[in-house]
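In what follows, a structure is listed as structure tokens, so that the remarks can point back to it.
No value in this document is a laboratory result; all are computed from the given coordinates. In this text the structure is predicted, and so the values were computed from the model without any measurement. Cβ sites come from the backbone with ideal geometry, for glycine too, and all protein chains shown count toward neighbours.
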Amino acid sequence: MNQELKKKINSSFPSAKISLPNESRVVIEVNRDAIISVLSFLKNMGYEHLSMVSCVDWIKEDEFELIYFLNAYMENDEEYGEIEKSTILLKTMISRKEAKYITAIGIFASAEPYEREIHELFGIYFEGHPRLTHLLLERDYEIPPFRKDFDTRKYVKEFYEEIPFVEDREEGKE
Amino acid sequence: MIVLEMLILVILALAIGVFFLGLSRKIMSRIHWRYGPPITQPIIDIIKLFNQDSVSHGSLFNFGIILSLAGSIVMVFFLPMGAMCPMSSSGGMLVILYIMLLGPLGLALSGGEAANPNISIGISRKFILALSYEVPLLLIFLAVMTHYGTISIVEIVKIQSANLWSFASLPLLLSGIAYLLILPALLGERPFELIKAPQEISSGPMAEYGGKFLALATLQHAFHTFVGISLFVNLFLGGASNPGYFFLKMLVVFILLIFVNAVFPRFRIDQAIKYLWKWPTLLAFIGLIIVVIVD
Amino acid sequence: MDRNQLTKWIKSPGNMGHKYSLDVVYFCTGCGIIEIPPSITARWDAERFGVKPVATPRQANLFLITGYVSVKTLKAVIRTYEQMQEPKFAVGFGSCPINGGMYWDSYNTVNHLDKYIPIDGWIAGCMPRPEAIFIAVTHLWTLIDKEIADGYKRYRDKYKYYRANQEKVLGELEWPPLFPEDDKK
């Protein structure tokens, strides 16, 4: 049935590259403009659950890879066959220099926290997102900490180690 | 003379109440297969708490806890213990019914000032629980009053010493059992621990108490434990002629209470109301009817 | 209780009270929480030392921070510590609060907790066994006896510096200072 799915998507989106790594997984690679239309197409097909949005920093290619994980939870098994068993990984590449993208909240409301998290940790700006505020972190970082060019050891040495012990501070002043 | 008697009574009640707190912790830990704290642990706790700083949330916060403690102490005067009964000639059971609500009321006043959501939940639970156990308590009191034809506890103890204990005589047996069933709710012990519920609402009305306030709240709990059990001993177990014998009777009832406390989990508030308005109320009501028919 | 202790009780009941009745608020930030249930239940039974978990920081006088402290956790740690009533003692449990432990090079882990709140003692190890808690408790007894466990006094005296360190990590703090400058004078 994954072959049928592949055919269906290919007929609608000829540019999409579809591979089937194993039985329960469908990997679709599309370019960055097509993602919203592909998402709404898949949602209409019955993949109604966006379980995760993930991001990978490919620093050598100078690109971010966004991955949308889609699952289907059908009420009626007979109607949809075994479609619900497969997970769809929808991948797209965006440029690292211009880290901007369109939000998927219009289609999947559950994308909100994931996009906030990616904005916080990778610094990708999602246009149309209602509140891109801090989710997990308390501080602002110059380079978002999950990017590959963020040097954690250097950061720790320059920031946390520089804070003086209170006892030392007292002695230094007096 | 009466002042001296009052003083002795308060000190005795305090000693017994605090001893019961320590005993309950020790027995509970033995039931859990632990060694447990020393039996003097509540005294150490109270000494520590009085030596600790405490933060107040306003004058009503201070007043409420003192009102609550005072309500519990005043009740001690109206309960005869052995031959000591400084104020029990006046009022008797009716006064106790009135003053019994001062404890929750004081805590509610105090908690209202602190504006902590956990406190409001705890207080509302406390009042709902009070509403639930007051109904069977009233029926029990009615049955006892009707049977003996008096509201004075001293009189009741006197009649019991001449005849049988009322727990052993048939007309009041059901009322006695009903009182035993509501006793944990009266004292806030385990099946009805939902007022404090440390795991759930971080000890409810006590959530903002630290230092001296917590010490006063602990003392209030000690006095309240004394009053609840002493009432049962006086009304149903025939009181006693001397304090030592009285204390023994209280000890038996309290150990029974701890065993229940150690084994049972906590009711939800709706389950607690359902239970309290079903079994104890039913028993107390039947007891009242029996008393009315027999007499 | 021997005669020596009795004289101590009469001389300074407050000190002895703090010693033998340690009400703990466990701050369970990381893997350290795993060691707490065995230590307070039947196997090791902390209650025989007078160590008892309580529900709110207001009722507690011992603060046990078990596990690594991230920046967001630090905020909660400071608030909890400031809500406790004096005298109060803080103990770091495990190597993570001491110097970051195995997470020392994370962008979000506070490496030395004693830069932000005063700590009276450390329990080193990853993870320490429950016995280590009791060794720490008995050690804390001697510290209280000699009046060396004075973290809360240090916090009051050097509050300005502690607050400055806290603000450096957390930015502008949402709550007013515990000891305002004018009060001191």
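Some observations on this one:
- Of B:Val95, B:Val227, B:Val74, the one that fluctuates the most in a GNM where chain B has Cα springs shorter than 10 Å: B:Val95
- For C:Val169, the shell of other residues with beta-carbons less than 10 Å away shows a net charge of +2, using +1 for Lys and Arg and -1 for Asp and Glu.
- Under a Gaussian network description of chain C, with springs only between Cα atoms under 10 Å, the residue in C:Arg58, C:Arg43, C:Arg79 that fluctuates furthest is C:Arg43.
- Ellipsoid semi-axes in whole angstrom, largest first, where each is sqrt(5λ) of the Cα gyration tensor of the stretch C:5-115: 28, 16, 12
- Percent of beta bridges antiparallel (DSSP, the stretch C:1-109, rounded to nearest 5): 5 percent
- Counting, for every residue in C:158-167, the Cβ atoms of other protein chains within 10 Å of its Cβ and taking the mean gives 3.
- Dimensions of the stretch B:59-175 from C-alpha coordinates, computed as largest minus smallest value along each principal axis and given longest first, are 53, 29, 17 Å.
- GNM remark for chain C: springs join alpha carbons under 10 Å apart, and the peak mean-square fluctuation among C:Thr109, C:Thr41, C:Thr66 falls on C:Thr41.
- Positive dipole terminus of the protein assembly as shown, leading residue within C:Leu113, C:Phe63, C:Ile133 (C-beta point charges): C:Ile133
- Förster-model FRET efficiency, 60 Å R0, A:Leu135 and B:Lys158, C-beta, rounded to 0.05: 0.25
- Pair C:Trp175, C:Glu86: separation of 7 Å Cα→Cβ label points (nm): 1.6 nm
- Shape call, chain C: gyration tensor on alpha carbons, a/c limit 1.5: oblate
- Approximate spin-label separation A:Ser110-A:Lys7, in nm, with each point projected 7 Å along Cα-to-Cβ: 3.0 nm
- Per-residue Cβ neighbour rank within 10 angstrom, fewest leading, B:Phe19, C:Phe93, B:Phe232: B:Phe19, B:Phe232, C:Phe93
- The overall shape of the stretch B:19-81 is oblate: from the C-alpha gyration tensor, with semi-axes ordered a ≥ b ≥ c, the ratio a/c is 1.5 or greater and a/b is no larger than b/c.
- The stretch B:89-245: radius of gyration over Cα atoms, expressed as a fraction of 2.2 N^0.38 Å: 1.15
- Entries in B:Lys126/C:Lys146; B:Lys196/C:Lys19; B:Lys48/C:Lys115 that, when Cα-Cα distance is taken, lie over 32 Å: B:Lys126/C:Lys146
- If R0 is taken as 56 Å, the Cβ-Cβ distance between B:Asn242 and C:Cys28 corresponds to a FRET efficiency of 0.60.
- Per-residue average of Cβ from other chains inside 10 Å of B:203-213: 4
- Kirkwood hydrodynamic radius over Cα pairs of chain B, then Stokes diffusion coefficient at 10 °C and 1.306 mPa s, in µm²/s: 81 µm²/s
- Summarising the label geometry, the points placed 7 Å from Cα in the beta-carbon direction at C:Lys168 and A:Asn71 lie 4.5 nm from one another.
- Expected 222 nm ellipticity per residue - DSSP helices of 4 or more, -39500 (n - 2.57), all of chain B, to 500: -24500 deg cm²/dmol
- Remark: relative contact order (the stretch A:2-166) = 18 percent; criterion is Cα-Cα distance under 8 angstrom and separation of 6 or more residues.
- Kirkwood Rh, angstrom, the protein assembly as shown [1 / mean 1/r, Cα pairs]: 29.7 Å
- Separation between Cα centres of the stretch B:28-100 and the stretch A:103-157, rounded to whole Å: 55 Å
- Lys, Arg +1 and Asp, Glu -1 on Cβ, resulting dipole of the stretch C:20-184 about Cα centre, debye, nearest 20: 120 debye
- Relative contact order for chain B: 29 percent, from Cα pairs under 8 Å spaced at least 6 residues apart, divided by residue count.
- Label-zone membership for the stretch A:34-71, site A:Ser24, 7 angstrom Cα→C-beta point, backbone N under 20 Å: A:46-54, A:68-71
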